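Quick notes on the structure that follows.
What follows draws every value from the coordinates through simple rules; no lab data is involved. Owing to the predicted nature of the structure, the values given are computational and were not obtained by experimental measurement. Cβ placement follows ideal geometry from the backbone for every residue including glycine, while neighbour counts extend to all protein chains displayed.
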Amino acid sequence: MFALRFMGCLLSALLLAVSACAQRVEGPYGIIGGRVADGFFYVVPVMGGVVLVDTGEEPNGASLRSAIAGRAVLAILVTHAHHDHYASASTFGDVPCYVGPADIDRMRGLTQHQGAAQREYRAQNGGRDRLPPLPVRLIPAPGGTRVTLGGADFEAIALPGHTPGSTAWRMGDVLFGGDAAMNSSTGISPIDDRFSDDPAAARAALGRLDSVPFVWLADGHVGIRRVR
């Protein structure tokens, strides 16, 4: 009986381990992506620590902290103001958190998301959007902003439409597209129209990437792929 119970526990542990491994992706330059619920965060190693691109929505950021592995977090780059992409940011205290300026009022609850899915959610939840705690130190990052962190240069590329402040972040030949620039079977596209404030604007914004030099796309829900 004991042997059967032990084998059952061992099998359960192995299945959990496989499941956990399936939630992790690896990209160039030591980049690690992790899936929390349905969305990805990315841990980018730089000199003296790491930079985070989005944080997922775990209340305590446990999966993200595991991927960070004790390294210092120098900054958080937010791709847009949907809760599943920044909900854990506040757990990192006074770490600078860069975000497209037009999304800051969304994060503060002063304006509301307009996608069909978000409107449906509000209708069922007292008229409120999902508003995680605000990051402690919000820094507006308009398109064209360049931030040097741990010797690595990051460029903000405004891609409005999914949300007003949707921003892709480029580090060398890697583009972190959030939900505004995603890997798809037909190339690069925004996420499904139901989740975007202005689907037509989101599609038009992708034209801004035509002159942007990148090879890898790390997006908000599919993972990392070489696209060029």
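Projecting the Cα positions of N125, L175, A152 onto the charge dipole of the chain (unit charges on Cβ atoms of Lys, Arg, Asp and Glu, taken about the Cα centre) puts A152 furthest along the positive direction.
With only Lys, Arg, Asp and Glu charged, each at its Cβ (+1 for the first two, -1 for the last two), find how big the charge dipole of the chain is about the Cα centre; round to the nearest 20 debye. Can you show the working numbers first?
On the way: 20 positive and 21 negative charges, 72 e Å.
That gives a dipole near 340 debye.
Helix 2-22 and the longest principal axis of the C-alpha atoms of the chain enclose an angle of approximately 20°.
When each of the peptides 88-101, 157-170, 207-220 is scored by the mean number of other C-beta atoms lying within 10 Å of its residues, the order from highest to lowest reads 157-170, 88-101, 207-220. Labels on offer are (1) 17.9, 58; (2) 18.1, 65; (3) 18.0, 62, and the one holding Rg and Dmax of the Cα atoms in Å computed from this structure is (2).
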